[in-house]
Amino acid sequence: MKRWLLALLVLLAPAAQAQPASAWAQAATPAPGPARVIGATTLGCLAGAVPLPPEGPGYQAVRISRNRHWGHPDLIRFTRDLAQRSRAMGNPDLWIGDLAQPRGGPMPSLHASHQTGLDVDIWLDLTPKPAMSRAQREEIDVPSLVLPDQSGVNARFTPAHARLIRLAAEQSGVHLVLVNHGIKRSLCEMHRGEAWLHRVRPWRGHDSHMHIRIRCPQGSPDCREANPIPPGDGCDASLEWWLSEEARRPPPRPRPPGPPPSLPAACTAILRAP
Ligand SMILES: [Zn+2]
């Protein structure tokens, strides 16, 4: 397995936490002060988070009751910009899924990352949508765009989906865009060699949404960015690996020797802040 992939797996493996995820989920409001990211997106937190408004030009946020629509101001700006640009391309509203909890930190369910207010999930659904109430948006179900054997996309995937993923990958400040490896394979068939594919990385799941991560913001010296993405478009043996027997086994959980990693010490103060 490629070394960077192993490093990513280690980063995504759930870590034991000094403060349980439930404590972070119960923090209903952001920690005060200027926006500041601490640690890594898989083991970190943030102060000074701001909420994504539940709806805006080009988007409607879903499942707002989870209180996971908080982020660093850079992420909120990024998400709103992306939705407006998507609308300018003629797309219907985007469904925006989870960002982060008000103080970031681990979540009790669904995500290993999304801990520092730099990640956002955007559904790959370009069907026309009416303006829906917030209650209606609690129950959104988007079908998969990937074939059952995950070797590529199904008939629901259109060039407009590829254009939306490209728009996200080319937006300034983006670090990476995670999509299912079947989606990446199809993008490679259509766009091999194009520079934007570099930032579109294959992963499990993500067959009906893309996960966008932005770079560490200015003014956050304690923000830790993941390893740089290897050069190239990624349309190579590392992509073929996802169809191998090894990749189809349950996700490995390699753990470095020693005690499990814990959240940066500064996160304790962020969790306890009034
Ligand atoms: Zn995500």
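This table checks each residue for (1) more than 16 Å from the chain's Cα centre (by Cα); (2) of a type outside the set (Val, Ile, Thr); (3) not in a strand (DSSP E or B).
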residue: GLY44; (1), (2), (3): no, yes, no
residue: ILE76; (1), (2), (3): no, no, yes
residue: THR79; (1), (2), (3): no, no, yes
residue: ALA83; (1), (2), (3): no, yes, yes
residue: SER86; (1), (2), (3): yes, yes, yes
residue: GLY90; (1), (2), (3): yes, yes, yes
Residues in the range 87-111 that are touching a strand residue (DSSP E or B) at 6+ places or on another chain (Cβ under 9 Å) and within 14 Å of the ligand (Cβ to nearest atom): how many?
11
Looking only at the range 232-248, decide whether some residue is over 27 Å from ALA47 (Cβ atoms), within 16 Å of the ligand (Cβ to nearest atom) and in contact with a His (Cβ under 8 Å, 6 or more places away or on another chain).
no
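I'd like to check which helices (runs of 4 or more DSSP H) are fully inside the range 125-240 and have at least 2 residues that are farther than 30 Å from PRO34 by Cα, in contact (Cβ under 8 Å) with a residue 12 or more places away in the chain and within 20 Å of the chain's Cα centre (by Cα).
Once the helices (runs of 4 or more DSSP H) in the range 125-240 are filtered for at least 2 residues that are farther than 30 Å from PRO34 by Cα, in contact (Cβ under 8 Å) with a residue 12 or more places away in the chain and within 20 Å of the chain's Cα centre (by Cα), what remains is 159-170, 181-191.
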So is GLY205 modelled with pLDDT under 95, at positive phi and within 16 Å of the ligand (Cβ to nearest atom) or not?
yes
Please go through the range 112-124 and give me each residue that is more than 12 Å from the ligand (Cβ to nearest atom) and either at pLDDT below 95 or among the hydrophobic types (A, V, I, L, M, F, W, C) (or both), ordered by number.
LEU124
Looking at (1) within 25 Å of ARG166 (Cα to Cα); (2) surrounded by fewer than 24 Cβ atoms within 10 Å (Cβ to Cβ), which is the one condition that is false for MET107?
(1)
Considering residues of the range 193-213 that are among the small types (Gly, Ala, Ser) and in contact with a strand residue (DSSP E or B) (Cβ under 9 Å, 6 or more places away or on another chain) only, the residue surrounded by the most Cβ atoms within 10 Å (Cβ to Cβ)
SER208
In the range 68-102, which residues are polar (S, T, N, Q) and either touching a Leu at 6+ places or on another chain (Cβ under 7 Å) or surrounded by fewer than 17 Cβ atoms within 10 Å (Cβ to Cβ) (or both)?
THR79, GLN84, SER86, ASN91
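The values are calculated or read from the model by the stated rules, or taken from the named source; none is laboratory data. On a predicted model such as this, the values are computed, not experimentally measured, just so you know. Note that we place each Cβ from the backbone using ideal geometry, even for glycine, and neighbour counts take in every protein chain shown.
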